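Working notes for the structure below.
The values are calculated or read from the model by the stated rules, or taken from the named source; none is laboratory data. Please read all numbers here as calculations on a predicted model, not as lab measurements. Cβ atoms come from the backbone with ideal geometry, glycine included; neighbour counts cover every protein chain shown.
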């Protein structure tokens, strides 16, 4: 029996059977022909070990590509672990809504540690693959991780749930199907590594290999923790230092707006088939055969050179818009970003610093305003708890999370340009800011 389980015949049986299962359970959003080609390639790779082993260069190329891509992907996400945790939380909220399973709500609460673990594992697995450390364990962990992300990106693309996967943070925003195809390419490369794993040898002697692994593990943990406790060392967002918010709210020179098309879903009363129609052919008069189900506006053409910022709107406590006055202020001003006052850092020494900062800035006629998505009741409770004298304005929570990865965080702007920003762990004194940044 043991010999049969390790035989080529059994490998062919389970690989073909698994491919057939995926083929038949795949939702209709994906082409069956394309799926058959992908599954066929994977089956051939799984069963093509004798042939692939004759070409070691294939394994070496796949090893370098997979290792470097995992390190790069993990590094970019580790550069902004809080941003990546927001993306994971978005996925878990979607899964909770679609499945009703409470475990996804629990996952959403631990999104940050999960984000850091994923960043660490990507970078560390990339290092392990490149140096040939713990080959079999590395390959299986690589496969498990890419299988997990392939499922996430496919679900997102198929059901249009998450606009971009966060695979490369804000550095490169992939659309759902683009991200899925990236994962399919990695799946094929990792399967190729399994087929040619006899060529994945240690690159150096064991003691140096262990040393490299330990250094890689320490660096992989230290970098995302540092980025979380401070701010992303590399900032690719539209609110980064040096960016002008007003300019980023304008479209590009050759801007073309997105194109949407109205689609109608009707159910055939005889066959119960649900079919989609456009404005030219929807059967609104044939009420004996068709029943209207839903109307959707479908994006048929992406915008060309759209604004980098589309949702920055600031309203005062009375609901009046103050976006223009805030961004057109020619003097230095400060934005204290607290996207959720209930989740704001509770350290009283920090709030004492903020209050002192406000007092000194106000004496020199420098405007400082809090930005939050919290309710008026929560604002009043916060101001009472921390003796805060500064006013708050209302901004969308997602915008505030994007502006600065800290709650609270401080941003110095002048005429709409971001001069500097600070994490609450590095909250500055007013004299320090005045001396360094307000010349």
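Here are the numbers for this structure:
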quantity: Total residues in the range 1-28, condition in a helix (DSSP H, G or I), modelled with pLDDT under 85 and more than 20 Å from residue 191 (Cβ to Cβ); calculated: 3
quantity: Any hit, the range 327-334, residues being within 30 Å of the chain's Cα centre (by Cα), in contact (Cβ under 8 Å) with a residue 60 or more places away in the chain and over 22 Å from residue 386 (Cβ atoms); calculated: yes
quantity: Any chance residue 310 is under 19 Å from residue 398 (Cα atoms) and not assigned by TED's automatic domain parsing to the domain that holds residue 390; calculated: yes
quantity: Residue in the range 362-371 that is touching a strand residue (DSSP E or B) at 6+ places or on another chain (Cβ under 8 Å), at pLDDT below 95 and under 22 Å from residue 80 (Cβ atoms) present; calculated: no
quantity: Top-ranked residue in the range 406-417 [being in contact with a helix residue (DSSP H, G or I) (Cβ under 8 Å, 6 or more places away or on another chain) and over 17 Å from residue 370 (Cβ atoms); ranked as surrounded by the most Cβ atoms within 10 Å (Cβ to Cβ)]; calculated: 416
quantity: Residues of the range 300-315 classified as in contact with a strand residue (DSSP E or B) (Cβ under 6 Å, 6 or more places away or on another chain) and surrounded by 12 or more Cβ atoms within 10 Å (Cβ to Cβ), total; calculated: 3
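Listed here are the residues, each with its yes/no results for (1) under 26 Å from the mean Cα position of the chain (by Cα); (2) within 30 Å of residue 410 (Cα to Cα).
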{"position": "235", "(1), (2)": "yes, yes"}
{"position": "242", "(1), (2)": "yes, yes"}
{"position": "253", "(1), (2)": "no, no"}
{"position": "265", "(1), (2)": "no, no"}
{"position": "269", "(1), (2)": "no, no"}
{"position": "278", "(1), (2)": "no, no"}
{"position": "284", "(1), (2)": "no, no"}
{"position": "290", "(1), (2)": "no, no"}
{"position": "297", "(1), (2)": "yes, no"}
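So that you can scan it fast, the table gives a plain yes or no per residue for (1) surrounded by 13 or more Cβ atoms within 10 Å (Cβ to Cβ); (2) more than 18 Å from residue 179 (Cα to Cα); (3) touching a helix residue (DSSP H, G or I) at 6+ places or on another chain (Cβ under 6 Å); (4) not assigned by TED's automatic domain parsing to the domain that holds residue 183:
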{"position": "7", "(1), (2), (3), (4)": "no, yes, no, yes"}
{"position": "15", "(1), (2), (3), (4)": "yes, yes, yes, yes"}
{"position": "81", "(1), (2), (3), (4)": "yes, yes, yes, no"}
{"position": "88", "(1), (2), (3), (4)": "yes, no, yes, no"}
{"position": "109", "(1), (2), (3), (4)": "no, yes, no, no"}
{"position": "117", "(1), (2), (3), (4)": "yes, yes, no, no"}
{"position": "120", "(1), (2), (3), (4)": "yes, yes, yes, no"}
